[in-house]
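S.K.: Structure in structure tokens, see below.
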Amino acid sequence: MQHFNRTAMYGLLANLATAPLSDFVMMPALALGALLEPIGLGAPFLWVAGQGIGVMLAIGEWVAGLPGAVKTVASAPDFVLPIAFIGVLVCCLWRGPLRWIGLPLAASVMLWPRAPTPDVWIGDGGTNAAWVEGRQATVARPGVRQFAVDVWSRRRGVVAVERPIEGWTCGRFSCAPNAPTVAPVLLWWGKAAPSAEQLDVLCRSAEIVSVRAVAGRLPSSCDARLVLDGTDYARGGAVELWRAPERGPRAWRAVWSADVRGDRPWSGTG
């Protein structure tokens, strides 16, 4: 749940269904097959074991296909995992009824309140972005930096979906909503910076303007927009954004991955 953000809801059901098959059919058949194979008599037992494996796989596929079989769970804060380990140790090592004091600690990863989901995520370098509505994260460029999209969406407990075709104008170097009400963010992923005229058009299209290159002088239409460019991404990496109405009607709070990760010799930010 903490690191991979996936929980098999019916794993116990699958194990209960396959354990007798494994214990009483597959394992004895494999043992007899291995024992008798040197004298040429192991084939029937190995065939039985193979049939058992097929049934076990069929049970697994059936359970995995049930509605809600896998649940995506957002990660808890980092300090919660050691608390869970302490709870497990208390439950396992303490003697007497007091050991159950560790049970709520052991379940802390599941029970701990999650931080609010960010409204917008922009990937490293500004080449992809997603915005959150409910429990879905709409991805601006499906298939681009897909691993980063998958890791981020699972960690935040949201389901990544593709951007709708309608309401967008996309070209070779950019993809922008036709109006700020369609989506809060647009992307310019060209290596060359957009011209002043192009920036003016971009700033009229969304609240957040992401430019992969280093942007030049901003037109007046960008005054009320959050503009992130190559300088920001070179320093901070990926970024999560939350609306901050307490700071103003168009204010945003940003958390950059470099600030969370810290300075490391291999990160290039130290």
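The values are calculated or read from the model by the stated rules, or taken from the named source; none is laboratory data. None of the values given here were measured: they were computed from a predicted structure. Positions of Cβ are generated from backbone atoms using ideal geometry, with glycine treated the same way; all protein chains shown enter the neighbour counts. Accessible surface areas use protein heavy atoms only, side chains included; no ligands, DNA or RNA. Shrake-Rupley method; radii C 1.70, N 1.55, O 1.52, S 1.80 Å.
S.K.: Which are the unpartnered cysteines of the chain, meaning those with no other cysteine Cβ under 4.7 Å from their Cβ?
M.R.: Cys91, Cys92
S.K.: Using a Gaussian network model on the chain with a 10 Å cutoff between Cα atoms, which of Met27, Met110, Met56 fluctuates the most?
M.R.: Met27
S.K.: Next up: Calculate the length of the line joining the C-alpha centroid of the stretch 67-95 to that of the stretch 224-249, in whole Å.
M.R.: Taking the Cα centre of each part, the stretch 67-95 and the stretch 224-249 sit 33 Å apart.
S.K.: Once both labels are modelled 7 Å past Cα along the beta-carbon direction, what's the Ala251-Leu41 spacing in nm?
M.R.: With each label placed 7 Å out from Cα toward Cβ, I get 8.4 nm.
S.K.: Counting only residues 5 or more places away or on other chains, whose amide H sits under 5 Å from the amide H of Ala129 once H atoms are built in the peptide plane?
M.R.: Long-range HN contacts for Ala129: Gly123, Ala140, Arg141.
S.K.: Related question: Between Leu16 and Phe85, how high is the FRET efficiency from 1/(1 + (r/R0)^6) when r is the Cβ-Cβ distance and R₀ = 22 Å? Nearest 0.05.
M.R.: For Leu16 and Phe85, the calculated efficiency is 0.20.
S.K.: Could you grab the relative contact order for the stretch 140-186? Cα pairs under 8 Å, six or more apart, rounded to a whole percent.
M.R.: Reported as a whole number, the value is 28 percent.
S.K.: Can I ask one more? If you roll a 1.4 Å probe over the chain with all protein chains in place, what percent of the accessible area is carbon or sulfur?
M.R.: Its accessible area is 64 percent carbon and sulfur atoms.
S.K.: Just to be sure I understand the rule: take each whole DSSP H helix in the chain, project its Cα atoms onto its long axis, keep it if the span is 27 Å or more and its mean Kyte-Doolittle hydropathy is at least 0.0. Which ones pass?
M.R.: Counting only whole DSSP H runs, the qualifying helices are 43-64.
S.K.: Taking R0 as 41 Å, what FRET efficiency do you get between Ala8 and Leu98 from their Cβ-Cβ distance, rounded to the nearest 0.05?
M.R.: 0.85
S.K.: Under a 1.4 Å probe, what is the accessible area of the chain per residue, stated in Å²?
M.R.: With all protein chains present, the chain gives 59 Å² per residue.
S.K.: Sticking with the crude label model, points 7 Å out along Cα→Cβ, report the distance from Cys170 to Val151 in nm, one decimal please.
M.R.: Placing both labels 7 Å along Cα→Cβ, they lie 2.4 nm apart.
S.K.: How large is log10 of I(q)/I(0) for the stretch 33-164 at q = 0.09, 0.15, 0.20 Å⁻¹ when the intensity is taken from the Debye formula with one equal scatterer per alpha-carbon?
M.R.: Log-scaled intensity ratios, in q order: -0.56, -0.88, -1.08.
S.K.: Which three extents, in angstrom, do the Cα atoms of the stretch 135-270 have along their principal axes, listed largest first?
M.R.: Dimensions of the stretch 135-270 along the principal axes of its Cα atoms: 40, 36, 32 Å.
S.K.: Determine the percent antiparallel among the DSSP beta bridges restricted to the chain, to the nearest 5.
M.R.: 70 percent
S.K.: Between Asp223 and Asn178, how many nm apart are label points set 7 Å from Cα along the C-beta direction?
M.R.: Inter-label distance under the simple model: 2.9 nm.
S.K.: Per the helix-only calculation at 222 nm, which mean residue ellipticity applies to the chain, given -39500 (n - 2.57) for every DSSP H run of n ≥ 4 and division by its residues, nearest 500 deg cm²/dmol?
M.R.: So the helix-based figure for the chain works out to -10500 deg cm²/dmol.
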